[in-house]
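See below for the structure under consideration.
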Amino acid sequence: MSLYVVLMGVQGAGKGLQAKLIEERYGIPQVSTGDLFRAMRTRSDLLARKVQDIMASGQLVDDDTTNAIVADRLAQADAANGVILDGYPRNAIQAAFLEAHLREKGARVNAALLLELDLYVAFKRAFGRVTAEDGSSYNYYYNADGVDFRWTAQADEAFPPRLDAALADSGEALKRRPDDASADAIIKRIDTFLETTQPLISYFEAKGILRTIDADQSIDAVWSDIKRALSTV
Ligand code: AMP
């Protein structure tokens, strides 16, 4: 039996981490359209250049290109028994394409998991997050022990000031993802999520396959809820 899972959630909801756990347990690969598009950076053909321009501008890639890339990925051998879709579908047109495409294969979307997170928590998870060289992660709001955080005024006095962090012991400067460093950019991504995902939530809900998971819990608790939700599909 195949298993097609759509994973939805605002940035910071823990989609990537939970997708890895689903991948391990159910033996189906995670397919992230963002990753597929980013992987095209090494190509120089016309399509790859077009996608790079679109991504650099912060727009969405057009539906035909996106759908074609997903169909191509779903045709690969490791996807024969299903996939976890992350970042796709992003709108109703893509959702309808996916549905028709799976129907041709005699399959369907079995579950749409919405990792629900309060938007202010989502903001703080992204804005406060810093990472050390060894991969350990800290957060200004949630996990700041052993870290010296410092607010530094922006060159143009823009608000909020920049958040710098270093390990208290060694002085190692901690890194932030470039796309997390700007409060404006985080808010824009949250806005885009609200705009594009809300209609999809209704779409999957109407089909009776939406499962809402509280993402404001420990990783283990979220994972338990996901396993419980998937056991019913
Ligand atoms: P993500 O990593 O999911 O935030 O995606 C990064 C970028 O890839 C987006 O800003 C879009 O330009 C593009 N992208 C990813 N998924 C889609 C999609 N389903 N439809 C259109 N564009 C997408």
Considering residues that are farther than 13 Å from Ser32 by Cα and either within 10 Å of the ligand (Cβ to nearest atom) or surrounded by 20 or more Cβ atoms within 10 Å (Cβ to Cβ) (or both), the number found within the stretch 82-94 is 4
With respect to Val61, is the statement that it is within 15 Å of the ligand (Cβ to nearest atom) and touching a strand residue (DSSP E or B) at 6+ places or on another chain (Cβ under 9 Å) true? no
Quick check: anything in the stretch 114-137 part of a helix (DSSP H, G or I) and closer than 25 Å to Lys207 by Cα? no
Selection within the stretch 200-233 - within 16 Å of Glu24 (Cα to Cα), free of Cβ contacts under 8 Å to residues at least 12 places away in the same chain and within 19 Å of the chain's Cα centre (by Cα): Asp220
How many residues are within 22 Å of Val121 (Cβ to Cβ) and aromatic (Phe, Trp, Tyr) when one looks only at the stretch 177-232? 2
Scan Leu102, Leu47 and give me the residue that is farther than 27 Å from Lys20 by Cβ, part of a helix (DSSP H, G or I) and either aliphatic (A, V, I, L, M) or touching a helix residue (DSSP H, G or I) at 6+ places or on another chain (Cβ under 7 Å) (or both). Leu47
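Is it fair to say Arg73 is over 12 Å from Tyr4 (Cα atoms), touching a residue at least 40 places away in the same chain (Cβ under 8 Å) and in a helix (DSSP H, G or I)?
Working: over 12 Å from Tyr4 (Cα atoms): yes; touching a residue at least 40 places away in the same chain (Cβ under 8 Å): yes; in a helix (DSSP H, G or I): yes.
Here the answer is yes, as Arg73 does meet what is asked.
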Qualifying position, being under 25 Å from Gly27 (Cβ atoms), more than 22 Å from the chain's Cα centre (by Cα), surrounded by 12 or more Cβ atoms within 10 Å (Cβ to Cβ) and in contact (Cβ under 8 Å) with a residue 12 or more places away in the chain, among Ala107, Ala79: Ala107
Just need a number here: residues in the stretch 1-26 that are at pLDDT 90 or above, within 24 Å of Gln198 (Cα to Cα) and either aliphatic (A, V, I, L, M) or touching a helix residue (DSSP H, G or I) at 6+ places or on another chain (Cβ under 9 Å) (or both). 14
State the number of residues belonging to the stretch 1-48 that are more than 13 Å from the ligand (Cβ to nearest atom), within 30 Å of Ile187 (Cβ to Cβ) and surrounded by fewer than 14 Cβ atoms within 10 Å (Cβ to Cβ). 2
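Name the residue, out of Arg177, Arg150, that is loosely packed, with under 12 Cβ neighbours inside 10 Å and closer than 24 Å to Ser57 by Cβ. Talk me through it step by step, then tell me what you get.
Working: Arg150 fails: closer than 24 Å to Ser57 by Cβ.
Of Arg177, Arg150, the one residue that is loosely packed, with under 12 Cβ neighbours inside 10 Å and closer than 24 Å to Ser57 by Cβ is Arg177.
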Residues to consider are Ala79, Ala71, Ala107, Ala112; find the one that is over 22 Å from Gln11 (Cβ atoms), at pLDDT 95 or above and within 16 Å of the ligand (Cβ to nearest atom). Ala71
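The values are calculated or read from the model by the stated rules, or taken from the named source; none is laboratory data. All figures in this text were calculated on a predicted structure; none of them were measured in a lab. Quick reminder, even Gly has a Cβ in these numbers, built from the backbone with ideal geometry, and neighbours come from all protein chains shown.
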